[in-house]
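The block underneath contains the structure these notes are about, expressed in structure tokens.
The values are calculated or read from the model by the stated rules, or taken from the named source; none is laboratory data. What you are looking at is a predicted structure, and each value in this text was computed from that prediction instead of being measured. Using ideal geometry, Cβ is built from the backbone for each residue, glycine included, and neighbour counts are taken over all protein chains shown. Only protein heavy atoms, including side chains, enter the accessible area calculation; ligands, DNA and RNA are left aside. Shrake-Rupley method; radii C 1.70, N 1.55, O 1.52, S 1.80 Å.
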Amino acid sequence: ALQAIRNEIIASWVATDFRDEKDIRNREGMWMFAKTVDNFELALRGYIETGKLAKANLKAFDDRRGIARIFG
């Protein structure tokens, strides 16, 4: 989905006239939107990776608790 959004931004950017003042502002807006998509993807990947780490930590904690019950 993020790549599709990037493709749309690029297609819109290519369709602009770099000499037209209005299009120049539109191009700047498209650049900001593209950076927002990049930042969103980085944040999303971070949350996913953090979630994976948290899940692994919780599993390790539960495993240690289970061992403690057996030998405790």
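Scanning segment 7-38 for residues that are under 15 Å from the mean Cα position of the chain (by Cα), open to solvent by less than 100 Å² (accessible area, probe 1.4 Å) and not hydroxyl-bearing (Ser, Thr, Tyr) returns Ala34, Lys35, Val37, Asp38. Under the condition of being among the small types (Gly, Ala, Ser) and assigned to a helix (DSSP H, G or I), the residues counted in segment 15-29 number 1. Just the residues that are over 11 Å from Leu2 (Cβ atoms) and touching a residue at least 12 places away in the same chain (Cβ under 8 Å), please, taken from segment 32-55. If the condition is that a residue be over 11 Å from Leu2 (Cβ atoms) and touching a residue at least 12 places away in the same chain (Cβ under 8 Å), then Phe33 is the only one that fits. Checked against the criteria, Ala43 does not count as open to solvent by less than 60 Å² (accessible area, probe 1.4 Å) and at pLDDT below 85.
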